[in-house]
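The values are calculated or read from the model by the stated rules, or taken from the named source; none is laboratory data. In this text, all values refer to a predicted model and were calculated from it rather than measured experimentally. All Cβ positions, even for glycine, are placed from backbone atoms using ideal geometry, and neighbour counts span all protein chains on display. Only protein heavy atoms, including side chains, enter the accessible area calculation; ligands, DNA and RNA are left aside. Shrake-Rupley method; radii C 1.70, N 1.55, O 1.52, S 1.80 Å.
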Amino acid sequence: MYVNKNGLASRDRERKVGNWVFYVSGFFFISFFIAPMIVGNGEVPPLEARANAFDYATSDGLWSSGNDNLEDDFAWTELDPYSALIYGFGDLNCHQKYERSWIINDNQMPVCTRDVGIFFGLAVGGFWFSRKGYNRWTVKDTCLSLLPDRWLLNTYLNNRRTLVWLLCGIALCLPLIIDGFTQLLTSYESNNFTRPLTGIGFGVGLGVLISATYSAKSKYFKSASQVSLPGGMKFQLVEEE
């Protein structure tokens, strides 16, 4: 019977979890472009909202504070159901700053350019994991399974798994962190070319982490000694305990 590099015969769960991350993220990523195209030309005005709050759900009342700064009221609940879902998602999760968003069909997109990059990265991370990810008992070892085993021989031999895992995560997030904090702490202003690019790396890391978190399951192994690690190594300390 064929055995994968993690010691298990099947990686159906990894494929399924990665595909779900890919499909859901890909749906939103594509929808961010479709929604402003199918509503009326110029129907979505320049928005300026808060993240983690509804500001344009209604024309007036509790969830309409964003309309205080608009000449003509806008409410995504009055759009078609599909566009309402996407603009509602953006209203809740994004600040929707006009100068940090792209315009399509004379309509502002539902989320800022950084979020567009993040969701593209999420889809890439999920797709990558669905093809190359393996359950290796722990989340960090499952994340590291995306890399060729030959690259990780010294990492496992010297038990530097946590360090390498953290460094990989930092490397993916660092462009966004530098761009965001430089913008916050100095007069530098990011642009709508840099913002999505810095979001992609963060999204890839997040997509991999989500996929690994739902795929790393010890119950599929008889014991820790069944987990195959780079170079044929095993979780020896776990066995001894």
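Brief remarks follow.
- Residues of the range 48-82 with amide N under 20 Å of the 7 Å Cα→Cβ point at I104: 48-49, 75-82
- Dimensions (Å) - the range 27-121, Cα atoms, principal axes, largest first: 36, 26, 23
- Compared with the dominant Cα axis of the chain, that is its longest principal axis, helix 161-185 is turned about 20°.
- Accessible-area value, D60, 1.4 Å probe, nucleic acids and ligands omitted, Å²: 110 Å²
- Annotation: per residue accessible area for the range 1-41 equals 57 Å², rounded to a whole number [probe 1.4 Å, protein chains only].
- Dipole size of the chain about its Cα centre, with +1 on Lys/Arg Cβ and -1 on Asp/Glu Cβ: approximately 2160 debye, rounded to the nearest 20.
- Rounded to the nearest 20 debye, the dipole size of the range 149-220 about its Cα centre is 440 debye, using +1 on the Cβ of Lys and Arg and -1 on the Cβ of Asp and Glu.
- Prolate/oblate/rounded label for the range 47-100 (Cα gyration tensor, a/c 1.5): rounded
- For M37, the solvent-accessible surface computed with a 1.4 Å probe is close to 110 Å², ligands and nucleic acids excluded.
- Solvent-accessible area of the range 23-151 (1.4 angstrom probe, protein heavy atoms only): carbon and sulfur portion equals 60 percent.
- Out-of-range pairs (alpha-carbon distance over 26 Å; input K132/K222; K97/K140; K16/K97): K97/K140; K16/K97
- The relative contact order of the chain, computed from alpha carbon pairs under 8 Å that lie at least 6 residues apart in sequence, is 25 percent.
- Dipole of the range 20-163 computed with +1 at Lys/Arg Cβ and -1 at Asp/Glu Cβ about the Cα centre; of S25, N52, S65, farthest Cα towards the positive end is S25.
- Extent along the principal axes, Cα only, for the chain: 70, 41, 29 Å, with the longest axis given first.
- Three-way shape label, the range 104-146, alpha-carbon gyration tensor, a/c 1.5: prolate
- Prolate/oblate/rounded label for the range 101-214 (Cα gyration tensor, a/c 1.5): oblate
- Accessible area expressed per residue, the range 78-118, with surrounding protein chains retained (probe 1.4 Å, Å²): 37 Å²
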